């Protein structure tokens, strides 16, 4: 029977249910985003919303569970636009590290971070490398929107490589269509193409794209659902190979 989202969330489980999860060595999916402006057509929690939905879909496939999201990330470009979350990088890194260490201490051996925010990527790199040296736990970070680029090209014929643009709009539209305000989107007011020759804080537009008229938000519900399903299928394939490989190396001496 297909598990509901509530049944997959760690925060809804009793200690007895968590014990069962640990015994089965199920993977733990940890969504991560931020609070940040996403144009006038998307919610400020878009990064976390998308990360959690990706995590739920993957947990359903792999028999895993989803940890409560880390919603306060490192907002940089839109730090001056309300609402925006930010803390010193060291504070963010220490917090994330302690969250993961807590899960490891309690017996989770496979932890997959689903990251939905570009500003979190740089501090996550050294953190995961550092933690991978601590013992037998297998750790992964998935920046879902980057992996979604090829899917975008197949579904829409193009990709945005941007912010609050094609991929993120499609993700929210697929799962929470009521949160997408198509009527608020105006190209003249919302679009901006960043240029490394001039840094603007805040940018004059919150929908960031890399080329004119390319990767703009698409408001087709049907395409959005196909997009989301295809993204999940792609990530499933990648994770399946990884999970299968772990069985070869997990033993009393460690992973390798």
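The values are calculated or read from the model by the stated rules, or taken from the named source; none is laboratory data. These numbers come from a predicted model, not from an experiment. We place every Cβ from the backbone using ideal geometry, glycine too, and count neighbours over all the protein chains shown.
A few remarks follow.
- Only listed residue being surrounded by fewer than 23 Cβ atoms within 10 Å (Cβ to Cβ), in contact with a helix residue (DSSP H, G or I) (Cβ under 8 Å, 6 or more places away or on another chain) and either closer than 30 Å to residue 205 by Cα or touching a residue at least 40 places away in the same chain (Cβ under 8 Å) (or both), chosen from 28, 42, 58: 58
- Helices (runs of 4 or more DSSP H) wholly inside region 143-256 that include at least 2 residues being closer than 28 Å to residue 30 by Cα and within 18 Å of the chain's Cα centre (by Cα): 144-147, 149-156, 166-175, 221-249
To keep it simple, each residue is scored yes or no on (1) surrounded by fewer than 15 Cβ atoms within 10 Å (Cβ to Cβ); (2) modelled with pLDDT of 95 or more; (3) closer than 16 Å to residue 45 by Cβ.
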| residue | (1), (2), (3) |
| --- | --- |
| 141 | no, yes, no |
| 152 | no, yes, no |
| 161 | no, no, no |
| 164 | no, yes, yes |
| 169 | no, yes, yes |
| 180 | no, yes, yes |
| 183 | yes, yes, no |
| 191 | no, yes, no |
| 196 | yes, no, no |
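- Flag if residue 34 is modelled with pLDDT under 95 and either touching a helix residue (DSSP H, G or I) at 6+ places or on another chain (Cβ under 9 Å) or under 30 Å from residue 201 (Cα atoms) (or both): no
- Leading residue by the ranking (farthest from the chain's Cα centre (by Cα)) among those in region 109-142 that are closer than 21 Å to residue 208 by Cα and in a helix (DSSP H, G or I): 122
- Residue under evaluation residue 86, criteria (1) in contact with a helix residue (DSSP H, G or I) (Cβ under 8 Å, 6 or more places away or on another chain); (2) buried (at least 16 other Cβ atoms within 10 Å of the Cβ); (3) modelled with pLDDT under 95, criterion not met: (1)
- Residue within region 171-187 that is in contact with a helix residue (DSSP H, G or I) (Cβ under 8 Å, 6 or more places away or on another chain), under 16 Å from residue 211 (Cα atoms) and touching a residue at least 60 places away in the same chain (Cβ under 8 Å) present: no
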